[in-house]
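The values are calculated or read from the model by the stated rules, or taken from the named source; none is laboratory data. All figures in this text were calculated on a predicted structure; none of them were measured in a lab. Just so you know, the surface numbers come from the protein's heavy atoms only, side chains and all, with ligands and any DNA or RNA stripped out. Shrake-Rupley method; radii C 1.70, N 1.55, O 1.52, S 1.80 Å.
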Amino acid sequence: LSGGAVLVLALTGCGGDDSNEELDAWAKQVCDAVQPQAKKIESANAAIQKETSDNSTPEDVQKTDSKAFKDMSDAYKAIGAAVEKAGPPNVDDGEKKQRNAVKELNSISAAYASLRKQVDGLDTDDQAKFADGLKDIATELDKLSKSGNDALRNLEEGEVGEAMSRQPSCQAATASAGTSGD
């Protein structure tokens with residue numbers, strides 16, 4: 001049993017309902033796995049921002065973006081695998097929520113992999129063409145960052161979110177990812 005779940009049980013006075021204990025253990029497993037991936041995504045995003053804001057050569061931008069998209073693809077795949085491995089959370093529709101989150105996380109991973117292919121295929125010799133290609137990628141990136149939040153937001157509704165918010169690793173992950181809890 002995880003330390004977090006023990007603590008929560010002690011605080012709730014060991015009510016007859018043991019679903020919290022299971023849910024907290026589930027949340028801890030997912031949060032612990034998500035935290036390093038959230039940091040990886042954050043670093044990748046920062047690298048992309050930095051490389052485009054400086055006066056970088058197309059080659060540098062391409063190299064940085066390609067690596068960042070690979071990191072993001074790997075990170076979302078790892079988060080999907082962690083949610084898959086944790087099994088369904090012990091809530092109504094838990095199985096459906098888990099399935100949808102895994103499916104969406106894997107599709108985001110695939111989308112980043114495809115962006116990587118796109119950026120790798122850009123012509124770095126033609127500055128104007130390169131800039132146009134980057135614009136298209138930036139548009140895709142914007143859409144992707146929104147859908148990444150949605151995938152987890154649906155999973156984190158209700159009791160699951162409450163259990164996750166009690167996990168120190170999830171608090172750290174959301175604080176560092178800079179997502180506002182709207």
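Largest first, the residues Arg99, Arg116 sort by 1.4 Å accessible area into Arg99, Arg116. Measuring spread by the Cα atoms of segment 20-75 yields a radius of gyration and Dmax of 16.0, 53 Å. Computed from phi, the 3J(HN,Hα) profile of segment 153-162 under the Karplus parametrisation 6.51, -1.76, 1.60 (θ = phi - 60°) reads 4, 5, 5, 8, 6, x, 4, 4, x, 5 Hz, with x in place of Gly and Pro. Accessible surface for Asp126 stands near 60 Å², nearest 10, in the context of the full protein assembly shown (1.4 Å probe).
Ligands, DNA and RNA excluded, the heavy atoms of Phe69 present near 0 Å² of accessible surface to a 1.4 Å solvent probe. Pairs exceeding a 25 Å alpha-carbon distance, out of Lys70/Lys96; Lys63/Lys85; Lys117/Lys146; Lys39/Lys146: Lys70/Lys96; Lys63/Lys85. Accessible surface for segment 18-120, divided over its residues, is 51 Å² per residue with a 1.4 Å probe.
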